[in-house]
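The values are calculated or read from the model by the stated rules, or taken from the named source; none is laboratory data. Note that the coordinates shown come from a computational prediction; the quantities given were computed from them, not determined experimentally. Glycine gets a Cβ as well: all are built from the backbone with ideal geometry, and neighbour counts include every protein chain shown.
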Amino acid sequence: MRRGESFLMHHLSLLLTRTMPFGKYEGRTLADLPFDYLCWFAREGFPAGELGALLELLFELQHNGLMHLLDPLRKH
């Protein structure tokens, strides 16, 4: 696996393990946040730091129909 691929896989796996720390969906796994909620952040601004970067990544995955990229990382 190349360095860039490893970086992406790490961030994709964080979407499945990190939870939303505040707000209406507090405690929900980031990957399970609804698209409308992510659209609100896209309009109003993503939070600073790692959380914002992860939410922006998730928004792009959902917006572009790429959520299937998380499937191999999900624990069955």
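General observations
- Qualifying residue in region 2-19 (condition: surrounded by fewer than 15 Cβ atoms within 10 Å (Cβ to Cβ) and at positive phi): no
- Restricting region 30-76 to residues that are closer than 11 Å to LEU16 by Cα and surrounded by 13 or more Cβ atoms within 10 Å (Cβ to Cβ), the residue that is modelled with the lowest pLDDT: LEU73
- Within region 64-76, the residues that satisfy the criterion of being assigned to a loop (DSSP other than H, G, I, E, B) and of a type outside the set (D, E, K, R) are ASN64, GLY65, LEU66, HIS76.
- Any chance LEU73 is touching a residue at least 60 places away in the same chain (Cβ under 8 Å) and more than 11 Å from the chain's Cα centre (by Cα): yes
- Among the residues listed as SER13, SER6, the single one being touching a residue at least 60 places away in the same chain (Cβ under 8 Å) and among the polar types (S, T, N, Q): SER13
For (1) outside any helix (DSSP H, G or I); (2) of a type outside the set (Val, Ile, Thr); (3) free of Cβ contacts under 8 Å to residues at least 12 places away in the same chain, each residue gets a yes or a no:
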{"site": "PHE22", "(1), (2), (3)": "yes, yes, yes"}
{"site": "GLY27", "(1), (2), (3)": "yes, yes, yes"}
{"site": "TRP40", "(1), (2), (3)": "no, yes, yes"}
{"site": "LEU51", "(1), (2), (3)": "no, yes, no"}
{"site": "LEU54", "(1), (2), (3)": "no, yes, no"}
{"site": "PHE59", "(1), (2), (3)": "no, yes, no"}
{"site": "GLN62", "(1), (2), (3)": "no, yes, no"}
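- Looking only at region 20-29, and only at residues there that are in contact with a helix residue (DSSP H, G or I) (Cβ under 8 Å, 6 or more places away or on another chain) and surrounded by 14 or more Cβ atoms within 10 Å (Cβ to Cβ), the one that is farthest from ARG74 (Cα to Cα): TYR25
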